[in-house]
Amino acid sequence: MERAGDGTDAVLRVRGAKHHYGDTIALAGVDLDVRAGECVALLGPNGAGKTTLVNLAIGLLARQAGEITLAGGDPRHAATRRRLGVVQQSLGFPNTLGVGEAVIGAAIRAGVRRSAAGPVIAELGLTDFVKQRVVKLSGGQRQRVQLAMALVAEPALLVLDEPTVGLDVPARRQFWNLLAQRRAKGTAVLVTTHLIEESAAVADRVVVLDHGRILADDRPEALVDRLPDRTVSARSGLSDAQLLRLPGVVSVDREGEHVRLATRSPEALLRVLLVDDPGLADLRVEGAGLEEAVVALTRGATAGVAA
Ligand SMILES: Nc1ncnc2c1ncn2[C@@H]1O[C@H](COP(=O)(O)OP(=O)(O)OP(=O)(O)O)[C@@H](O)[C@H]1O
Ligand SMILES: [Mg+2]
């Protein structure tokens, strides 16, 4: 699937996007493509520039530099934005708005038939709530209403901001299954999340953003391959600086005396640790996941870890 192309076939195409707020540089030149049917997860620490990038893509922010095309048009134009579905983390609903009204309203705004609302409400398991007020629903149910409002427009691109925060495990599965069905029909998905392992399970590509730059844009398996393959955890008497000097240590995560070391050479590390750390206890070695890979990338950019 992966193609190096020029992105002209992409539903969302971003080239050389830069953005600053006063003296703060939020984006320092970003390229991104999201193609039909593809799910791209946007990861990165707080302040990385994720929301800025998303707001440019959905036309909430005016472009300062670079090129952004959504379904072939300018995301600042209302006609282009009709091709877009957005699910935000906490959207306020008017007090009196009913579930059915909310979805029908979204259909009308998107210029599709009102009758499109019923099937989408059913698809999301909201038929029993159709007459209820949205504000009376649980967080997870409200999230489904938002998704119904986004899907009823048959969007070319769905943009999801932390969409599964507050959902229980079955609701989460159901949410991703629903999206998989839409993706199979060609809907592109861009999702920002702090749930790294979840993004690995659902995304075709993971894009890691830090300080307004893209550090990685790859399949989740490829990211994990390229980065530390083990985590050594232990109680240690050594300082972070001492630990970072040990062989093959890529990053150190600490909670009090307990440390987690991401490494590409666990055997060499263990040999040194066992000799040099008199305070060593509770030693464990685990396989590293995408979470360690992303932490190592964003921490290790200066240590030459990023490819
Ligand atoms: N409206 C604003 N005015 C001034 N600075 C801003 C504004 N919005 C964002 N910034 C700054 O731009 C940078 C990128 O912020 P952005 O909100 O895009 O990050 P983020 O990756 O979404 O972070 P988070 O994970 O915390 O949501 C940060 O340094 C932030 O302080
Ligand atoms: Mg944000």
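The values are calculated or read from the model by the stated rules, or taken from the named source; none is laboratory data. This one's a predicted model, so the numbers in the text were calculated from it and none came from an experiment. All Cβ positions, glycine included, derive from the backbone under ideal geometry; neighbour counts span all protein chains shown.
Is it the case that Arg183 is closer than 24 Å to Gly47 by Cα, more than 12 Å from the chain's Cα centre (by Cα), in contact (Cβ under 8 Å) with a residue 12 or more places away in the chain and buried (at least 17 other Cβ atoms within 10 Å of the Cβ)? Answer is no for this residue.
Among the residues making up the stretch 152-178, those that are more than 16 Å from ligand 2 (Cβ to nearest atom) and in contact with a strand residue (DSSP E or B) (Cβ under 6 Å, 6 or more places away or on another chain) are Ala153, Pro155, Leu157, Leu158. So Phe93 clears everything in (1) within 24 Å of Val165 (Cα to Cα); (2) more than 17 Å from the chain's Cα centre (by Cα); (3) crowded, with 20+ Cβ neighbours inside 10 Å except one condition, right? Which one? All conditions are met except number (3). Residues to consider are Val252, Val208, Val232, Val259; find the one that is within 21 Å of Arg15 (Cα to Cα), of a type in the set (A, V, I, L, M, F, W, C) and either in the same structural domain as Gly66 (by TED's automatic domain parsing) or in a strand (DSSP E or B) (or both). Answer to the selection: Val208. Taking the criterion of being within 10 Å of ligand 1 (Cβ to nearest atom) and surrounded by fewer than 20 Cβ atoms within 10 Å (Cβ to Cβ), the residues of the stretch 42-60 that qualify are Pro45, Asn46, Gly47, Thr51, Asn55. Taking the criterion of being modelled with pLDDT under 85 and at positive phi, the residues of the stretch 122-172 that qualify are Glu162, Gly166. The one condition from (1) away from ligand 2 (no atom under 16 Å from the Cβ); (2) under 14 Å from the mean Cα position of the chain (by Cα); (3) among the aliphatic types (A, V, I, L, M) that Leu53 does not meet is (1).
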